[in-house]
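As structure tokens, the structure follows; a few thoughts come after it.
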Amino acid sequence: MQLFLDTTDTAILKDLAATGLVDGVTTNPTLIAKSGRPMLEVIAEICSLVEGPVSAEVAAMDVAGMLAEGRKLAAVAHNVVVKAPLTREGLIATAEFAREGIQVNVTLCFTAAQALLAAKAGAAYISPFIGRLDDYGADGMGLISEIRAIYDNYDFDTEILAASIRNPAHVTAAALAGADCATIPPNVFQDLFKHPLTEKGLEQFMSDWAKTGQSIV
Ligand code: G3P
């Protein structure tokens, strides 16, 4: 499973990328706004910090505007993946980008039918929003399973990118459901390392080791 960071915070990205466990990054207009920086500047910096795919979202709602913006974003760095919304216009643009060899992450997916359309349009990634569905009282993880089954039924190459992740349990459940990737807020990514029993067990190991008076090197 590929693990992406859902962030535009380049300081935190640098810190977590140093673990070697960050496979890519996703951004969206809200995260760009939070950065307080020009979009092309922050996307270029993020692309320099990770080798993997970096999703950069178009802001236009019309096909021509999406195509113009997406081509500009794709030109920022080789690892940019253009993000387009799951709308009629977004999928028309996705098909054109695919013809041009530009990878697209189709975002704001909330039904399996939408995911089917995105795969048919040639999306490289589909982003079902688990947390927002759960917030809405729907079954976010169930959507991942539905999309996995449909994509496997028809051998679609589109990768399922579990998004709107709220906690480590979402990451585990998405992996069990067969998502290809998960995009994770930095605070949740940092929580993936942690368990109270790990901390307690390590404390005990260190205490017992200290009593030996030994050193390994
Ligand atoms: O960036 C895509 C998605 O992960 C954002 O979800 O619900 O945390 O805004 P959310």
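The values are calculated or read from the model by the stated rules, or taken from the named source; none is laboratory data. All values derive from a computational prediction rather than experimental measurement. Here the Cβ positions follow ideal geometry from the backbone for every residue, glycine too, while neighbour counts run over all protein chains shown.
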(request) Pick out, from the range 62-156, the helices (runs of 4 or more DSSP H) lying fully within it that include 3 or more residues that are away from the ligand (no atom under 16 Å from the Cβ), of a type outside the set (S, T, N, Q) and out of contact with any Leu (no Cβ under 6 Å at 6 or more places or on another chain). (result) 63-74, 88-100, 112-121, 140-153
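Mind telling me which of the residues 116, 133 ends up being aliphatic (A, V, I, L, M) and closer than 16 Å to residue 159 by Cα?
116
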(request) With the condition kept exactly as written, say whether any residue in the range 192-205 is at pLDDT 95 or above and within 16 Å of the ligand (Cβ to nearest atom). (result) yes
(request) Mind listing whichever residues of the range 1-34 are more than 16 Å from the chain's Cα centre (by Cα) and either among the aliphatic types (A, V, I, L, M) or under 26 Å from residue 89 (Cβ atoms) (or both)? (result) 11, 18, 33, 34
(request) Could you check, for the range 181-198, whether at least one of its residues is of a type in the set (Asp, Glu) and part of a loop (DSSP other than H, G, I, E, B)? (result) no
(message) Quick test for you: out of 179, 175, pick the one residue that is buried (at least 19 other Cβ atoms within 10 Å of the Cβ) and of a type outside the set (D, E, K, R).
(response) 179
(message) Quick check on the range 9-24: of everything there that is outside any helix (DSSP H, G or I) and out of contact with any Cys (no Cβ under 8 Å at 6 or more places or on another chain), which residue is surrounded by the most Cβ atoms within 10 Å (Cβ to Cβ)?
(response) 22
(request) Sort out which residues of the range 35-61 are under 22 Å from residue 17 (Cα atoms), within 16 Å of the ligand (Cβ to nearest atom) and either in a helix (DSSP H, G or I) or β-branched (Val, Ile, Thr) (or both), and write them in order of number. (result) 35, 39, 42, 43, 46, 50, 54
